[in-house]
Amino acid sequence: MAATDLERISNAEPEPRSLSLGGHVGFDSLPDQLVSKSVSQGFSFNILCVGETGIGKSTLMNTLFNTTFETEEASHHEECVRLRPQTYDLQESNVHLKLTIVDAVGFGDQINKDDSYRPIVDYIDAQFENYLQEELKIRRSLFDYHDTRIHVCLYFITPTGHSLKSLDLVTMKKLDSKVNIIPIIAKADTISKSELHKFKIKIMGELVSNGVQIYQFPTDDEAVAEINAVMNAHLPFAVVGSTEEVKVGNKLVRARQYPWGVVQVENENHCDFVKLREMLIRVNMEDLREQTHSRHYELYRRCKLEEMGFQDSDGDSQPFSLQETYEAKRKEFLSELQRKEEEMRQMFVNKVKETELELKEKERELHEKFEHLKRIHQEEKRKVEEKRRELEEETNAFNCRKAAMEALQSQAFHATSQQPLRKDKDKKKAGGWSSIYSVTIP
Ligand code: GTP
Ligand code: MG
């Protein structure tokens, strides 16, 4: 026998043997223990309402849970879709339900609706991520963790009677692998019976042809298989919401009153509200929670862990240990870090070199400028020197002329004082000298 066959035999788990008990032991109380533990722990259920502004989301929630949740009307001017979660503590008998209603505020109101689905997808993913982070903690407290993962998305379809809008198809397609979608036709009292029938068929046809997977009520549990199968055929539910009470016969019922008659919310001939409440709350709430965990969250978790480099087995189908994965990731991370460090160092060196070159260039330019200015300065200096020399020469010439003039004047003075008789003639001459004097001395 080959070694691998032997290994397989020794690793095989032994078949459990059936034994009968001699008397009552008590583990048949396990389901009761489970129920009482769950009841004392309480439940959480999270509903996401997606539909255009004013389609009747809040009214339907109030009608479904027979209460009035605090809600504000959304405006039609939101820049983008915004998710608004609100959590309430509800109690029925001794069962506590932590209910979160998340409204996709502003859905369908933007001119460009290309990315309308994105905030919704991001919100759903963020709740999965929070749960995953809690699971990965060393000290995790999943027992009292407030699970905010979306268990169901009620997708409100506008009762146009035509067909689904592309926005509806794109959004549902983006959400179908992340959440259980239950499509509902809102304000079903605004569409006639025959139109509604055709509209339902059209919607289902479009969902199928576009590969949109909506939530199917489970048919594997015998107790509910029949009713769920029937209800699956009624999808999408056409609902009417109202918290107003109207007297019909001698009973007060929730209804919408019109001049021509009364639409009763809980009358199955008028709309599918009762079917929705039955399926969503009374029969399949636990399945919706369970599907969220085992299908949608599991898919998110698997993709996320694979993205992080974890896998169950290596290429040869050998189990992959967490330690090995961690070590491999650590090595990968360290070498990446080293590479980045080297890259940054190189960048720094290049930058320094560049700056050095720039500085050198600036220095050269400055030097050239200095030389140029120096030359200009020397030229100016030479010119000034020239001018000074010329001026000096002019001053000397002037001084010489001045001295000559003074000498002539004194000679003339002496001559006048020695020859008084020739006064008249000399007077004429003196006049002549003074005229010379006034012309030559500036
Ligand atoms: P936002 O939160 O502002 O986006 O609105 P919403 O989707 O919560 O709608 P809301 O429940 O506030 O209802 C808007 C209007 O539609 C109100 O006047 C409701 O009375 C009316 N309405 C709600 N449900 C129905 C319905 O089933 N049929 C009809 N005809 N009108 C409805
Ligand atoms: Mg509302």
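In summary, T68 fulfils each of the numbered conditions (1) within 16 Å of ligand 2 (Cβ to nearest atom); (2) surrounded by fewer than 16 Cβ atoms within 10 Å (Cβ to Cβ); (3) under 19 Å from the mean Cα position of the chain (by Cα) with the single exception of condition (3). Among the residues of the range 144-167, is any under 27 Å from the mean Cα position of the chain (by Cα), in a helix (DSSP H, G or I), closer than 25 Å to N112 by Cβ and charged (D, E, K, R)? No; the residues of the range 144-167 include none that is under 27 Å from the mean Cα position of the chain (by Cα), in a helix (DSSP H, G or I), closer than 25 Å to N112 by Cβ and charged (D, E, K, R).
Scanning the range 211-233 for residues that are among the small types (G, A, S) and within 21 Å of L164 (Cβ to Cβ) yields G211, A233. From the list N232, N210, N228, the one residue that fits, being touching a Lys or Arg at 6+ places or on another chain (Cβ under 8 Å) and either at pLDDT 90 or above or closer than 13 Å to I182 by Cβ (or both), is N210. Counted as qualifying within the range 259-362 are the helices (runs of 4 or more DSSP H) with 3 or more residues that are away from ligand 1 (no atom under 16 Å from the Cβ), namely 285-291, 298-307. Mind checking whether some residue in the range 306-317 is modelled with pLDDT under 90, out of contact with any His (no Cβ under 7 Å at 6 or more places or on another chain), among the aliphatic types (A, V, I, L, M) and surrounded by fewer than 16 Cβ atoms within 10 Å (Cβ to Cβ)? Yes: the range 306-317 contains one or more residues that are modelled with pLDDT under 90, out of contact with any His (no Cβ under 7 Å at 6 or more places or on another chain), among the aliphatic types (A, V, I, L, M) and surrounded by fewer than 16 Cβ atoms within 10 Å (Cβ to Cβ).
Among the residues of the range 200-236, those identified as touching a residue at least 24 places away in the same chain (Cβ under 8 Å) and either of a type in the set (F, W, Y) or outside any loop (DSSP other than H, G, I, E, B) (or both) are K200, K202, I203, M204, E206, L207, Y215, F217, V224, I227, N228, M231. Among the residues of the range 64-82, are any among the polar types (S, T, N, Q) and more than 23 Å from V240 (Cα to Cα)? No: zero hits. Is it the case, given these coordinates, that A104 is within 16 Å of ligand 2 (Cβ to nearest atom), at pLDDT below 90, crowded, with 20+ Cβ neighbours inside 10 Å and under 19 Å from T158 (Cα atoms)? Criteria not met by A104. Here S58, S44, S75 are screened, and the one residue that is within 9 Å of ligand 2 (Cβ to nearest atom), among the polar types (S, T, N, Q) and either surrounded by 21 or more Cβ atoms within 10 Å (Cβ to Cβ) or in contact (Cβ under 8 Å) with a residue 12 or more places away in the chain (or both) is S58. Looking across the range 391-426, the residues that are of a type in the set (D, E) and modelled with pLDDT of 90 or more come down to E392, E393, E394, E406.
Would you pick out the residues in the range 164-191 that are polar (S, T, N, Q) and touching a strand residue (DSSP E or B) at 6+ places or on another chain (Cβ under 7 Å)? Of everything in the range 164-191, those that are polar (S, T, N, Q) and touching a strand residue (DSSP E or B) at 6+ places or on another chain (Cβ under 7 Å) turn out to be T171, N180.
Starting from the range 179-199, keep only residues that are over 30 Å from H293 (Cα atoms) and in a helix (DSSP H, G or I), then list their pairs with residues that are more than 10 Å from ligand 1 (Cβ to nearest atom) and among the small types (G, A, S) whose Cβ atoms are within a distance under 6 Å, requiring at least 6 positions of separation or different chains. So the pair list comes out as E195/G161; F199/G161. Counting only residues that are within 7 Å of ligand 1 (Cβ to nearest atom), within 25 Å of H146 (Cα to Cα) and not hydroxyl-bearing (S, T, Y), how many does the range 43-59 have? Residues that pass the stated criteria total 1.
The values are calculated or read from the model by the stated rules, or taken from the named source; none is laboratory data. These numbers come from a predicted model, not from an experiment. Neighbour counts are summed over all protein chains in view; Cβ atoms, including those assigned to glycine, are modelled from backbone coordinates with ideal geometry.
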